[in-house]
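Participant: One structure, pasted below without further comment.
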Amino acid sequence: MSIAPLLNKVFMVDLIKGLKVTFKYQHPKEVYTEQYPLERPAIAERYRGLPRLNVNPETGETLCIACNLCATACPEHLIVVQSERNPATKRKEMTSFTLDISRCMFCGLCAEACSTDCLELSQDYEFALYSRDGFIIDRARMERGSEPTVYTR
Amino acid sequence: MPQNYVPIFLFVAVVAIAIPATLMIGKLVRPNNPEKAKLMPYECGIDPVDNARGRYTVRFYIVAILFVVFDVETIFLFPWAVQYRALGLFGLVEMLVFLAILIVGYVWIWKKGALEWV
Amino acid sequence: MTDSTKSGFYQETAGPDQTFLDANELVLNMGPQHPSTHGVLRVILRLDGEKVLGTECVIGYLHRGVEKIAENRTYTMFNPYVDRMDYVAAVSNGLGYCLAVEKLLNIEAPPRAAYIRVVLTELNRMASHQLWLGTHALDIGAMTPLFYTFRDREEILKIYEKYCGARLTTHAFRIGGTLYETYDGFEQDVNNFVKFVTPKIGEYEELLTTNRIWVERTKGVGVLSGKDCIDFGVTGPVLRAGGVKWDLRKAQPYSMYDKFDFEIPTGENGDTFDRYIVRIAEMRQSLRIIDQAVNSIPAGPIMAKVPKVMKPAVGEVYVSIEAPKGELGYFVVSDGSTQPYRVRVRPPSFVNLQALDKMVRGALVADVVAVIGTLDIVLGEVDR
Amino acid sequence: MLDYVTSYLHSSLTPGQAGNWLWALVYILVIFAGVSGIVIVMNWGERKALAHMQVRLGPMRVGPHGLMQPIADAIKLLTKEDIMPSEADKPIFWLAPVWVVMIAFSVFIVVPFGPTHAVTDMNIGILFMLGVSSLGVLGIVMAGWASNSHFPLMGALRSSAQMVSYEIAMGLAVVSAIVMTGLGGIGPYGIGSGAGSGTLSMIGIVQAQAQQHVWFIFKFFPVGLVAFFIFAVAMIAETNRAPFDLPEAESELVAGFHTEYSGLRWSLFMLGEYAGMVAVSSIAITLWLGGWLRPFPSTHGPAINIPFLWEHPEQGVVDFAFSFAPALVMLALAFFSFFNAMRMPKHPLLKIQTIGLYAFGLVLAGVGLILLAPPVRDRIQDIFWFVFKIACFMYLYIWYRATWPRYRFDQLMKVGWKVLLPLGLGVLLVTGIIGLGPEIAAWLKGVV
């Protein structure tokens, strides 16, 4: 063994090098974690969160034309769209829309299939619930859209 | 001085009261719902294969025997260390002879492979 | 599972010269609920004290029937499912599947899409290796590298979130290209990441590479020579650590990998330390590829002309890519309908796991966790 | 009765020596509470320091900066269901944690926090400490065996083999320090060759260092340092801490010998482990780092005499400066918590926590101010330095745990038997030969 590695071994340079790294990171400004409810993470624009049904902002009417493409596109068959033909306009109108988000994998295929930009994945990510019943969401809930949780004491 | 040793018994008495007392207090407040699966020994979620009280590899016993030899050696060194100045050169030589005998044994067990594990 | 323990299973694994239940033998269940089997792997160990006499892997605790699901989904609908096999390298899984179906449909992703795919897959390789390094170091007892690697991996996940809206199971690619155009500042983000992470890799090395405990724990442990690797069908960094210069990105370039300049790091002894060194070197090579790719993304469309309803001609294809863990292959059979007749996945973890018994026989219990860590298995992929 | 109580206050003996059982009991209770307090602080400190080394924050929710976390944990563990495996050996399963705690605390009977601040001072003090602390392994073996489960059994066997292996190296290092205690007198060959005899008493060892004007870590440099190094490695192994934490190696043995323990019993093991860490650290401090002595114990500086503030004619300006250390440390901690309280995010949810942190800072500042007062300042010196050194050791334990991987079992035994044992023998021989250097030289002269 040549002299330099031997000295390194005897004086434990390898171990001290590691100690240096951990010591350096003790500085509070290196802390990477967030205090979640106080600091909320920045959500990207394209985030695929809770699905939402868009409405026409002026009239408040739904954009859905009940074409059923989303229900067809869903790999898990979670979407059920019910529609009725309106005798006056001769158009199909959506009567109910349910989605089981407990099994949803947020792949976004439904939103891609939607031809009117009605169904969209919103940036809402806080929808934990205490029971499974609440996971089957209906049209009203989906049109209301994102409901950020507010923490109070 | 014998009175120096009395606090040991005082201490043991204090601990012998305090710790079981804590355990008793715990018994009053904690729930107790035993269940078969809970009382099973932990085996990574699998039913235990056999009893854990079988015979075990002999290497650990070798370590135990070696420990006895060398720890007794250390114990013999203590009186010499205390009277080291008084015994002087004679004591040092005597101790070197004693250690030499042990070192021969140490080298022998090393060569014999008693310190190897695999 | 408990039945197998009573059906004479152990007698079968005992060698001819060892009688089972000889006084010194201890049968120990490692897993499925064990901190270092990287999921729900169950390894049954036969021990003599601390020495491993033999192992048996029991898998299937995470079986979800992904291959069967594929037979009831259209080609597009199956795409998100492949992300859930090797969930730490979801993008690579998606790339493999998309390439397979594209070959079946006889289309090719446009160059811009291919470049974006390369950037994201190499980022994914970084992320996968970082996660491997953290958990492997944790298995060997160093807890801190885990937090450093996760912190740095987070930057990759942020890029994913901005690009396609999900962090882990990304569903980033579509058959025929990519769905998403790069967002504003994508190049900047990736370049910043490369700059940010390069010194961090040096830091991981400072903590581990020369550390005498780490070296002692990994050198000469779990040796798997190049020949053994080939015999077992083991691929990826494990194979390269055995000294075999085999990387599908070079051997059969896909998705424009032949346009980039990078090296295949190899080891010599095929032990745990070499695998560590190879993966660290691969991280650096990945950064090189990312650097080249992200600064030369060509303009153009990101999606090839794909029929709305995919009905590939009757036939079968096998397409394999170099996933972070090894060769990830998709064998897709079409019967001419909208749904695949059969999809078979060749997962690298599953194949690599076979070598476990050979690597740990005669080693100590602590080596078993080191070897499981170094194989870099993901149980989602082993069990599918 | 009152005489009995007050007579001790003026004595310069430990309660055990004075034969004063009342005060012995008081000291025992204080040590019991004090060590538990150190364990609680250590519990919090370890989580925070470890977290910061790992770029995390650690406990932040229970109390300001998680200050109440140990209390919350204690309540949680107290109210947690206690599970005893059905096939466990019940009496032994019950006894094991009690035994571990009892042994870990018993060691503190002879730990000298100051010249008189020990429960008792035995003439075999260090032998008592080594002997009693090595009984701890019995509790671990009991726990592993009684659980009737594979992982605890393996953990217990590993633990016993590991602890007995490092016991030897530890003993050899201690002997070399004991040899040094006898080198103080002035004899025919100059300083260090007198006929004084060594001592095994803990207080005697520190007094020997004071008399020789050197901490034994610097004696015969680097011999003392090497002996201390051997002890330091062995002591980490003895207490099952990283990188020698094999008995409870969580990645291999899940939790080692206490896999089957839960709730309060488990917490007793933790209490025992941390108390054991404090115990072996205090052995190291007593033997090599000058016990209650402050740094540079023999440097006094020019004598000064300030009325009402400093009236020790025999002590100098350096003593005066060092006497402020306890108060300064407390005030620094107080400043630190004020600083952190100011940096707390302004948020209604954090109002109580911010106020709590200010209050905590105030308490610390109050203690610091009390420590400034001359009579308190003089009396607290020795205890402060001892505890300060313990704190440094605790930090090192945490730091090692955060940084290094874990040894494998055979490598651990290799380090113990093939590195530390020969090294310990070598250090002992070198100490012996250097210690008798003048005599050997004289003898050689006679021969030649």
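The values are calculated or read from the model by the stated rules, or taken from the named source; none is laboratory data. Just so we're clear, the structure is a prediction, and the values are computed from it rather than from any experiment. Positions of Cβ are backbone-derived with ideal geometry, glycine not excepted, and every protein chain shown enters the neighbour counts. Just so you know, the surface numbers come from the protein's heavy atoms only, side chains and all, with ligands and any DNA or RNA stripped out. Shrake-Rupley method; radii C 1.70, N 1.55, O 1.52, S 1.80 Å.
Participant: Suppose we filter segment D:105-129 for residues that are more than 9 Å from every other protein chain (Cβ to nearest Cβ) and open to solvent by 10 Å² or more (accessible area, probe 1.4 Å); how many remain?
Facilitator: Qualifying residue count, segment D:105-129: 4.
Participant: Inspect all residues belonging to segment B:25-40 and state whether any of them is closer than 30 Å to D:Leu29 by Cα, away from chain C (no Cβ under 14 Å) and buried (at least 18 other Cβ atoms within 10 Å of the Cβ).
Facilitator: Keep residues of segment B:25-40 that are closer than 30 Å to D:Leu29 by Cα, which gives B:25-30.
Next, only the ones that are away from chain C (no Cβ under 14 Å) stay: B:25-30.
Right, trim to buried (at least 18 other Cβ atoms within 10 Å of the Cβ) and you get B:26.
Scanning segment B:25-40 turns up at least one residue that is closer than 30 Å to D:Leu29 by Cα, away from chain C (no Cβ under 14 Å) and buried (at least 18 other Cβ atoms within 10 Å of the Cβ).
Participant: Would you say A:Thr72 is touching a strand residue (DSSP E or B) at 6+ places or on another chain (Cβ under 8 Å), among the hydroxyl-bearing types (Ser, Thr, Tyr) and either open to solvent by 30 Å² or more (accessible area, probe 1.4 Å) or in contact (Cβ under 8 Å) with a residue 12 or more places away in the chain (or both)?
Facilitator: Values: touching a strand residue (DSSP E or B) at 6+ places or on another chain (Cβ under 8 Å): no; among the hydroxyl-bearing types (Ser, Thr, Tyr): yes; either open to solvent by 30 Å² or more (accessible area, probe 1.4 Å) or in contact (Cβ under 8 Å) with a residue 12 or more places away in the chain (or both): yes.
Considered against the rule, which asks whether it is touching a strand residue (DSSP E or B) at 6+ places or on another chain (Cβ under 8 Å), among the hydroxyl-bearing types (Ser, Thr, Tyr) and either open to solvent by 30 Å² or more (accessible area, probe 1.4 Å) or in contact (Cβ under 8 Å) with a residue 12 or more places away in the chain (or both), A:Thr72 comes out as no.
Participant: Do we have C:Arg64 as at pLDDT 70 or above and closer than 30 Å to C:Ser334 by Cβ here? Even if it seems obvious, please write down each step before you answer.
Facilitator: Working: at pLDDT 70 or above: yes; closer than 30 Å to C:Ser334 by Cβ: yes.
The answer is yes for C:Arg64.
Participant: Only residues that are more than 10 Å from every other protein chain (Cβ to nearest Cβ), touching a residue at least 24 places away in the same chain (Cβ under 8 Å), open to solvent by 50 Å² or more (accessible area, probe 1.4 Å) and under 21 Å from the mean Cα position of the chain (by Cα): list them for segment D:392-441, please.
Facilitator: D:Tyr395
Participant: If you check every pair at least six apart or on different chains, which have Cβ atoms under 8 Å apart with a residue in segment B:97-118 that is within 7 Å of chain D (Cβ to nearest Cβ) first and a residue that is β-branched (Val, Ile, Thr) second?
Facilitator: B:Leu115/B:Ile109
Participant: Is it the case that C:Ala323 is open to solvent by 10 Å² or more (accessible area, probe 1.4 Å) and touching a residue at least 60 places away in the same chain (Cβ under 8 Å)? Don't jump to the end; show me each part of the working.
Facilitator: Numbers: open to solvent by 10 Å² or more (accessible area, probe 1.4 Å): no; touching a residue at least 60 places away in the same chain (Cβ under 8 Å): yes.
In short, no.
Participant: From the list D:Gly131, D:Gly155, D:Gly136, which one is under 30 Å from D:Val415 (Cα atoms), free of Cβ contacts under 8 Å to residues at least 12 places away in the same chain and small (Gly, Ala, Ser)? Write out each step before concluding.
Facilitator: Details: D:Gly155 fails: free of Cβ contacts under 8 Å to residues at least 12 places away in the same chain; D:Gly136 fails: free of Cβ contacts under 8 Å to residues at least 12 places away in the same chain.
Testing whether each residue is under 30 Å from D:Val415 (Cα atoms), free of Cβ contacts under 8 Å to residues at least 12 places away in the same chain and small (Gly, Ala, Ser) leaves just D:Gly131.
Participant: Suppose we filter C:Thr198, C:Thr272, C:Thr266, C:Thr235 for residues that are assigned by TED's automatic domain parsing to the domain that holds C:Gly94 and either of a type in the set (A, V, I, L, M) or more than 21 Å from C:Pro348 (Cβ to Cβ) (or both); which single one remains? First the steps, then the outcome.
Facilitator: Numbers: C:Thr272 fails: either of a type in the set (A, V, I, L, M) or more than 21 Å from C:Pro348 (Cβ to Cβ) (or both); C:Thr266 fails: either of a type in the set (A, V, I, L, M) or more than 21 Å from C:Pro348 (Cβ to Cβ) (or both); C:Thr235 fails: either of a type in the set (A, V, I, L, M) or more than 21 Å from C:Pro348 (Cβ to Cβ) (or both).
After ruling out the rest, the residue left standing is C:Thr198.
Participant: Quickly run through segment D:48-64 and pick out the residues that are farther than 27 Å from A:Gly18 by Cβ and open to solvent by 40 Å² or more (accessible area, probe 1.4 Å).
Facilitator: Hits for segment D:48-64 are D:Arg61, D:Val62.
Participant: Test C:Val238 against the stated conditions and say whether it is assigned to a helix (DSSP H, G or I) and in contact with a strand residue (DSSP E or B) (Cβ under 8 Å, 6 or more places away or on another chain). Let's see the steps before the verdict.
Facilitator: Numbers: assigned to a helix (DSSP H, G or I): yes; in contact with a strand residue (DSSP E or B) (Cβ under 8 Å, 6 or more places away or on another chain): yes.
So C:Val238 passes the test.
Participant: Let me ask another. Of all helices (runs of 4 or more DSSP H) completely enclosed by segment D:62-179, which ones contain at least 2 residues that are more than 30 Å from D:Ala341 (Cα to Cα)?
Facilitator: Values: elements: D:69-78, D:90-106, D:125-134, D:136-146.
Hits in segment D:62-179: D:90-106, D:125-134, D:136-146.
Participant: Now a separate question. Only helices (runs of 4 or more DSSP H) wholly contained in segment C:134-234 count here; list those with 1 or more residues that are away from every other protein chain (no Cβ under 11 Å) and within 19 Å of C:Val371 (Cα to Cα).
Facilitator: In segment C:134-234, the matching helices (runs of 4 or more DSSP H) lie at C:226-232.
Participant: What about B:Val82, is it modelled with pLDDT of 80 or more and either within 14 Å of chain C (Cβ to nearest Cβ) or open to solvent by less than 40 Å² (accessible area, probe 1.4 Å) (or both)?
Facilitator: Working: modelled with pLDDT of 80 or more: yes; either within 14 Å of chain C (Cβ to nearest Cβ) or open to solvent by less than 40 Å² (accessible area, probe 1.4 Å) (or both): yes.
Here the answer is yes, as B:Val82 does meet what is asked.
Participant: So how many residues does segment A:104-143 have that are assigned to a helix (DSSP H, G or I) and either buried (at least 18 other Cβ atoms within 10 Å of the Cβ) or within 14 Å of chain C (Cβ to nearest Cβ) (or both)?
Facilitator: So the first thing to find is which residues in segment A:104-143 are assigned to a helix (DSSP H, G or I), and the list is A:109-113, A:132-135, A:139-143.
Remaining after also requiring either buried (at least 18 other Cβ atoms within 10 Å of the Cβ) or within 14 Å of chain C (Cβ to nearest Cβ) (or both): A:109-113, A:139, A:141-142.
Of the residues in segment A:104-143, 8 are assigned to a helix (DSSP H, G or I) and either buried (at least 18 other Cβ atoms within 10 Å of the Cβ) or within 14 Å of chain C (Cβ to nearest Cβ) (or both).
Participant: Taking B:Phe76 and the conditions (1) at negative phi; (2) open to solvent by less than 60 Å² (accessible area, probe 1.4 Å), which numbered condition does it fall short on, given that it satisfies the others?
Facilitator: Failing condition for B:Phe76: (2).
Participant: With respect to C:Ser296, determine if the residue is under 26 Å from C:Arg384 (Cα atoms) and either of a type in the set (Ser, Thr, Tyr) or part of a loop (DSSP other than H, G, I, E, B) (or both).
Facilitator: no
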